[in-house]
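Each remark here refers to the structure printed beneath this line.
The values are calculated or read from the model by the stated rules, or taken from the named source; none is laboratory data. Quick caveat: nothing in here was measured; it's all calculated off a predicted structure. Counting neighbours? That spans all protein chains shown, and the Cβs are built from the backbone with ideal geometry, glycine included.
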Amino acid sequence: MIFIGVGSNLGDRWKAFSDAWQYLLSVGIEVIQSSPIYETYPWGEREQPLYLNAVWQVTTHLSPEALLETLQAIEQSLGRPPSVRPRWGARIIDLDLLAYGAEIRCTPTLTLPHPWIPHRPFVLGPWNDLAPYFYLPPWKATVNELWQRCHSSGWGHRVPPPQGIPLPMTPSKPTQHAGNPSFPPASEPSKPEIQAKLSLCWKKP
Ligand code: AMP
């Protein structure tokens, strides 16, 4: 199961979500389902407009590296400059590769699962609506367990999409209990050298 975190807080945020979805479709990346969409308070740089955030589950034949490159190409095509300053400043669209099944990466350009997951309620909140049982090996925890640990009040609220904006479907209930290939964790790294490498990339929440 592959999950992408989507965020926007500049311009027409709903249109940016819709355009990102259409772009993904046009390059053969299907959004199977979306979490509900939340309006959230900025994290990091606080003096900026409110965000819309959601998590999308996608299918693709692309490798994690090629998928990340595609997400970055979409960000740029929708008007986001290649390097946003400040790091956590306002953006038309932000597409983060949160998890690619049970894949683990720790390279200068790609960390998988995304290293900031445990600290971000605007990711864990929507993800918990969509796939609470999805297991994240670096933290030996499911999305729901990380969500319970980071739960902060007042981080955001669900917002209904406006009429007439095409967006991916939101299921009424989470459906991931069955068929989550990484739950229970079958491929958790166990060798000491792999564990040591992991601890360099991911801090405990
Ligand atoms: P951001 O400004 O938060 O979108 O961060 C983008 C930078 O983070 C890029 O240089 C990416 O190469 C890097 N990066 C590392 N791992 C990931 C990931 N899992 N998803 C998205 N960006 C990543």
Notebook entry, point to check: Of the residues P132, P138, P168, P126, which is more than 10 Å from the ligand (Cβ to nearest atom) and either basic (K, R) or over 15 Å from F3 (Cα atoms) (or both)?
Noted result: P138
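If the requirement is being within 16 Å of the ligand (Cβ to nearest atom), surrounded by 14 or more Cβ atoms within 10 Å (Cβ to Cβ) and at pLDDT below 95, which of these qualifies: L97, L24, L62, L10?
Among L97, L24, L62, L10, only L10 is within 16 Å of the ligand (Cβ to nearest atom), surrounded by 14 or more Cβ atoms within 10 Å (Cβ to Cβ) and at pLDDT below 95.
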Next item on the list: Could you grab me the full set of residues in segment 6-64 that are touching a residue at least 12 places away in the same chain (Cβ under 8 Å) and among the small types (G, A, S)?
Entry: G7, S8, G11, A16, S18, A20, G28, S34, S35, G44, A54
Item checked: Filter result (among the hydrophobic types (A, V, I, L, M, F, W, C) and assigned to a loop (DSSP other than H, G, I, E, B)) within segment 34-82 -> I37, W43, L50, L62, L78
